[in-house]
Amino acid sequence: MKVLKVIFDFYINSSLHVALAVYALVRITEFYFGLSYNEPLCYFIFYGTITGYNFVKYAGIAGLHHLSLTKNLRLIQVFSFVAFLLMIFYGYQLHLRTFTYFIPFAILTFFYAVPVFKKFSLNLRSIGSLKIVVISLVWGGVTFFVPLMESKSEVNSEFVLCFIQRFLFIIVLTLPFDIRDLRFDKKQLNTIPQLIGIERTKKLGFVLLSLTMVIEFLITPNSRFKFVYLLVFIMLLLLLQRAKGKQPKYYASFWVEAIPIFWWVSLEIMQ
């Protein structure tokens with residue numbers, strides 16, 4: 001059991017789980033728009049997520065509260081370097097124009113982690129209320145906008161509504177993390193739970209999630225997709241409503257993060 005726990009902790013702490021969630025959202029986009037499986041793009045995003053997240057978490061400037069990771073930090077650094085090399089490998093298989101679609105989201109990620117002005121140690125993560133917006137824009141852009149632009153899909157009303165749905169979905173997915181971090185986040189971050197409290201955050205999450213369900217029924221003709229999203233809606237809503245400041249260790253980092261994976265696997269099974 002101890003070995004399994006070590007492996008599981010590495011799976012979470014090395015950002016493998018979050019990368020799989022991002023990969024799942026890319027695959028969901030392909031399902032919804034009938035796109036062919038783009039292996040180089042999917043794996044470029046997968047390994048890029050590991051590289052980017054571990055850079056943000058372990059570069060020494062993000063200020064997160066993971067003191068227990070110091071013993072395994074070197075192993076995670078080596079793993080991140082391997083992921084970086086694999087990202088480059090799959091990147092070589094992509095069209096040059098594809099990288100132009102990533103540019104705005106890469107810039108957001110960079111300034112999310114790196115202080116804009118070293119004198120003030122200011123980055124996007126430390127600017128009030130921007131954290132959740134930046135995360136949602138980057139996740140939404142990479143998992144929705146980039147795959148569709150890569151496939152030269154037409155930008156129409158369905159495209160816009162789907163992007164709004166993805167953006168709102170990721171905001172709600174992030175709320176249990178903000179509730180968890182309420183005890184640790186600096187007051188100037190002005191996260192949603194800091195501004196309106198935990199209970200109102202849950203109500204806001206319900207409203208935003210309900211909007212995503214409305215969009216789902218407006219844009220999705222496939223009844224199986226609607227059924228799967230209904231299950232996703234219920235799961236995320238329950239996890240949000242049960243979120244607390246003092247959560248079990250893996251409540252947000254595993255169970256909440258696993259929802260996109262469940263969504264993707266369910267679509268795979270029901271196709």
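The values are calculated or read from the model by the stated rules, or taken from the named source; none is laboratory data. Keep in mind the model is a prediction, meaning the values are calculated, not measured. So basically every Cβ, Gly included, is an ideal-geometry build from the backbone, and we count neighbours across all protein chains shown. Heavy atoms of the whole protein, side chains included, go into the accessibility calculation; ligands, DNA and RNA do not. Shrake-Rupley method; radii C 1.70, N 1.55, O 1.52, S 1.80 Å.
At a 1.4 Å probe, what is the % contribution of carbon and sulfur to the accessible area of the chain?
C and S atoms contribute 69 percent here.
Whats the longest run of the chain with zero chymotrypsin sites (Phe, Trp or Tyr not before Pro) that are DSSP loop and have at most 12 other Cβ atoms within 10 Å?
The longest such stretch corresponds to 185-271.
Grab the Cα-Cα distance for residue 74 and residue 184, subtract it from 0.36 nm times how many residues apart they are, and report the gain in nm with one decimal.
Between residue 74 and residue 184, full extension yields 37.1 nm more.
Rounded to the nearest 500, what is the chain's calculated 222 nm mean residue ellipticity when only DSSP H runs of at least 4 contribute -39500 (n - 2.57) each, over all residues? Provide the component values of the computation, followed by the final result.
On the way: 12 runs with 184 residues, N = 271.
Helix-only estimate at 222 nm: -22500 deg cm²/dmol.
Can you give the charge dipole size of the chain about its Cα centre, rounded to the nearest 20 debye, using +1 on the beta carbon of Lys and Arg and -1 on the beta carbon of Asp and Glu?
Computed charge dipole of the chain: roughly 1160 debye.
For labels at residue 211 and residue 33 in the simple 7 Å Cα→Cβ model, what's the distance in nm?
2.1 nm
Quick check for me: using +1 on Lys/Arg Cβ and -1 on Asp/Glu Cβ, what's the dipole size of region 202-260 about its Cα centre, in debye to the nearest 20?
300 debye
What FRET efficiency would be calculated for the residue pair residue 218, residue 94, taking the C-beta separation as r and a Förster radius of 45 Å, to the nearest 0.05? Let's see the in-between values first.
Working: r = 32 Å, r/R0 = 0.72.
The calculated FRET efficiency here is 0.90.
Of 187/249; 5/249; 57/186; 131/186; 187/244, which pairs sit farther than 21 Å apart, going by alpha carbon to alpha carbon?
On the way: 187/249 23 Å; 5/249 12 Å; 57/186 17 Å; 131/186 12 Å; 187/244 18 Å.
Among 187/249; 5/249; 57/186; 131/186; 187/244, the Cα-Cα distance tops 21 Å for 187/249.
Suppose R0 equals 35 Å; then what is the FRET efficiency for residue 160 and residue 269 from their Cβ-Cβ distance, rounded to the nearest 0.05?
The calculated FRET efficiency here is 0.75.
Using 0.36 nm times the number of residues separating residue 151 and residue 226, minus their current alpha carbon distance, what extension gain do you get?
On the way: separation 75, 0.36 × 75 = 27.00 nm, distance 2.38 nm.
Net length gain for the segment: 24.6 nm.
Put +1 on the Cβ of every Lys and Arg and -1 on every Asp and Glu Cβ in the chain; which of 163, 11, 192 then has its Cα farthest towards the positive end of the dipole?
Of the options given, the answer is 192.
Just one of (i) 30.6; (ii) 13.3; (iii) 14.9 is mean projected area of the Cα convex hull in nm² as worked out from the coordinates here. Which one is it?
(iii)
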